[in-house]
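First the structure, in the form of C-alpha cells, and then the observations on it.
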Amino acid sequence: MTFTSHMEAALAEARKAAKRGEVPVGAVVVSPAGRIVAAAGNRTLELHDPTAHAEILAIRAACAETGSERLPGHALYVTLEPCAMCASAISQARIARLYYGAADPKSGGVAQGARVFDHPQCHHVPEVYDTIAAEEAEALLRGFFAARR
C-alpha cells in the first residue's frame, strides 16, 4: 500500500472551523485501508463544550461509524499538536498513528507540556509523526489570532 497524507483534508476542516469563528484546528480519522471515516473541526464555541476539540469530535464520529470504542490500525491527522485531553483520548481509542502539523508550545500534550505518551500510565502509544504541513497550519492559526487582536 502506498502512503497518502490526509493532512489536506484536516486543513480543510480547520478552514471551516475558522469560518465558524472557532480556533482553526481540523482532524480526520483514516481507516487501515486508507479511507477517511470521520472528519471534524473545533466546535467548542458552537457546542458550548470545552471538550469539542477537532480530535475528540473526529474520534467520536469514527467510533460511531465503526461501531467500536477502539480504532486499532486507524490513523489520526490533526493540524495542531494535540493537547493533553486529546492525547489521552487518542491513547484510549488505540489510534495506531498520529500525524500532526504545527507544534503547540503553549498547550501541546505530545511533544510539549504534559507529554502524555511518555507517562507509564499511558497504556497505548501511537506512532507519532510531526510537522506535516506545519507551515500552512501555523499560518491559519496566526491569521486567525491576528484578526482578533
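The values are calculated or read from the model by the stated rules, or taken from the named source; none is laboratory data. Because the structure is a prediction, the values reported are computed rather than measured. Here Cβ is always computed from backbone atoms with ideal geometry, including for glycine, and neighbour counts include all displayed protein chains. With ligands, DNA and RNA removed, areas are computed over all heavy atoms of the protein, side chains included. Shrake-Rupley method; radii C 1.70, N 1.55, O 1.52, S 1.80 Å.
Six or more apart or on different chains, Cβ atoms under 7 Å: show the pairs whose first residue is in the stretch 34-49 and free of Cβ contacts under 8 Å to residues at least 40 places away in the same chain and whose second is part of a helix (DSSP H, G or I) and of a type outside the set (A, V, I, L, M).
These pairs meet every condition: 37/65; 37/66; 38/65; 39/13; 40/13; 41/13; 41/16.
Taking residue 79 as the residue in question, decide whether it is closer than 16 Å to residue 145 by Cα, outside any helix (DSSP H, G or I) and at pLDDT 95 or above.
When the stated conditions are applied, residue 79 passes them.
Among the candidates 94, 20, which residue alone is open to solvent by 10 Å² or more (accessible area, probe 1.4 Å), within 24 Å of residue 139 (Cβ to Cβ) and without any contact (Cβ under 8 Å) to a residue 60 or more places away in the chain?
20
Here are some residues: 104, 49. Which one is in a loop (DSSP other than H, G, I, E, B) and out of contact with any Cys (no Cβ under 8 Å at 6 or more places or on another chain)?
Of 104, 49, the one residue that is in a loop (DSSP other than H, G, I, E, B) and out of contact with any Cys (no Cβ under 8 Å at 6 or more places or on another chain) is 49.
Does residue 115 satisfy being under 17 Å from residue 11 (Cβ atoms) and among the basic types (Lys, Arg)?
Criteria not met by residue 115.
State whether the residues of the stretch 32-54 include one that is closer than 21 Å to residue 5 by Cα, polar (S, T, N, Q) and crowded, with 23+ Cβ neighbours inside 10 Å.
yes
Name, by its number, the condition in (1) assigned to a loop (DSSP other than H, G, I, E, B); (2) surrounded by fewer than 23 Cβ atoms within 10 Å (Cβ to Cβ) that does not hold for residue 110.
All conditions pass for residue 110, except number (2).
Within the stretch 1-12, which residues are within 21 Å of residue 146 (Cα to Cα) and in contact (Cβ under 8 Å) with a residue 60 or more places away in the chain?
Kept after step one, since they are within 21 Å of residue 146 (Cα to Cα), are these residues of the stretch 1-12: 11-12.
The one that is within 21 Å of residue 146 (Cα to Cα) and in contact (Cβ under 8 Å) with a residue 60 or more places away in the chain: 11.
Can you tell me which residues in the stretch 113-126 are of a type outside the set (Gly, Ala, Ser) and either open to solvent by 90 Å² or more (accessible area, probe 1.4 Å) or assigned to a loop (DSSP other than H, G, I, E, B) (or both)? So that I can check it myself, show each step before the final result.
Restricting attention to the stretch 113-126, the residues satisfying the condition of being of a type outside the set (Gly, Ala, Ser) are 115-126.
Passing the criteria: 115, 118, 119, 120, 121, 122, 123, 124, 125, 126.
Looking only at residues in the stretch 62-91 that are among the hydrophobic types (A, V, I, L, M, F, W, C) and open to solvent by less than 20 Å² (accessible area, probe 1.4 Å), which one is nearest to residue 32 (Cα to Cα)?
75
Before we move on, is residue 43 farther than 20 Å from residue 17 by Cβ and out of contact with any His (no Cβ under 8 Å at 6 or more places or on another chain)?
no
Filtering the stretch 45-71 down to residues that are in contact with a helix residue (DSSP H, G or I) (Cβ under 7 Å, 6 or more places away or on another chain) and acidic (Asp, Glu), which residue is nearest to residue 24 (Cα to Cα)?
55
Within the stretch 127-145, work out how many residues are of a type in the set (Asp, Glu), surrounded by 12 or more Cβ atoms within 10 Å (Cβ to Cβ) and in a helix (DSSP H, G or I).
2
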